[in-house]
Amino acid sequence: MKKTIWSTLAVILIFLVWYLAADRQTPFTGNARVKAIATQIVPQVTGTVTEVLVENGQIVEAGDVLVRIDRRPYEIAKAKAEADLESATQDVGASSAEVSAAQAKLARAQSDLDTIRIQSERVFALEKKGLVPISQADNARGQLAESVANFENAQADLEKAKQRLGNEGTENPKIQRALADLAQAELDLEWTELRAPALGVVSNLLIAPGTYARSGQDLLTFLDATDIWIEAYFTENNLGRTAVGSPVEVVLDMHPGRVIPGVIESFSAAVSVSGGDVAGDLASAPSTKGFLREPERFPVRIVLPGYEAGSTEDDLRFQLNGQADVIMYLGDSGLLNMVGRAYIRLVSIMTYAY
């Protein structure tokens, strides 16, 4: 009886030691998911969908048109903006002519003033000698004053014309405003076509021609196939020996019986917990249940060399959030690594059944 008890205790102790060592050297998790970047395609303009050029699950190339929104309102807006630009150009042209006329008027006034000033100086010189009557000198003074006033008025008219014109050419405010309106109209017209941002797949397509698309609201979901990884969630005490580049093996539920080699690409530095810190309040620790606290899990990003991007020619298929099992090899223990490899292969066979 005692022999049985001691044998049982020895077996339990061996399993306990193996468990503690394996948890650091060859940690395993069944909490892993296939990840890719899911992008919500959001229209920048509002209108009725006139064409849906893709089907659910269709693979598309970067730049392919997915959906078209009714272009007519935006074509009208562009035509109006072009007409406003033409009108602004004509207005500036008319203002330029006004400035030219004012400059010519000022030149004439300057010339007249110079002539009358010379003539007046002659009369004033003769007046001092008493060779002309005082009335003639007074007339000269009147003509000079009138010529000076005309010159000053011509200067004021030129300044007003310049202010109405503003800056010359495309720097003129009227032209600038018209150009901005035209650029916005052209951009809105371009936005009536929703295009694929990268190579990927259209998912959960729930629209058809006639759907009313609203600016800023999700219209369809796009899965980027250029960046695919496995996100495995390990407890903190699994991660003490991990490093970028550490080898792992992965079993995808979609491909039972197959063990795929991978490497650790990166780690997440933080996770969300139930009790968060609020500015001005004391730190709030997350709640625990039972005698032992629940271990916190952190995501580890894993890539499968040769399968970093999705392709129809690959021998692997990926489903976003598809489940996976992952084991990491973090030490040089041949025994633990051998047991770990045997275990992950057993898991891959069991995946056929669940």
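Taking amide H atoms as placed 1.01 Å from N in the peptide plane, list the residues 5 or more away in sequence, or in a different chain, whose amide H sits under 5 Å from that of F234.
F298, V300
Run the simple label-point estimate for Y354 and L179 please: 7 Å along Cα→C-beta, distance reported in nm.
Using points 7 Å along Cα→Cβ, the separation is 6.8 nm.
Where the centroid of each part is defined by its Cα atoms, how far is region 324-354 from region 139-160 in Å?
So the separation of the two Cα centres works out to 102 Å.
How much length, in nm to one decimal, is gained on full extension between D114 and T235, taken as 0.36 nm per residue of separation minus their Cα-Cα distance?
33.9 nm
For region 48-60, just list the computed ³J(HN,Hα) in residue order, Karplus coefficients 6.51, -1.76 and 1.60, θ = phi - 60°, integers in Hz, with x standing in for Gly and Pro.
Once θ is set to phi - 60°, the couplings for region 48-60 become 7, 5, 9, 9, 10, 9, 10, 10, 4, x, 6, 7, 10 Hz.
Between F124 and M254, what is 0.36 nm times their sequence separation minus the Cα-Cα distance? Round to one decimal in nm.
Extending this stretch completely gives an extra 35.6 nm.
Distance in nm between label sites at Q217 and R195, each 7 Å beyond Cα in the beta-carbon direction?
2.6
What are the residues whose amide H is under 5 Å from the amide H of G322, where those residues sit 5 or more places off or on another chain and H is modelled from the backbone?
V34
The numbers here are math on the coordinates, done by the rules we state, and not lab data. Everything numeric here is computed off the predicted structure, so don't read it as measured data. Methodologically, a virtual Cβ is constructed for each residue, glycine included, from the backbone with ideal geometry; neighbour enumeration extends over all protein chains shown.
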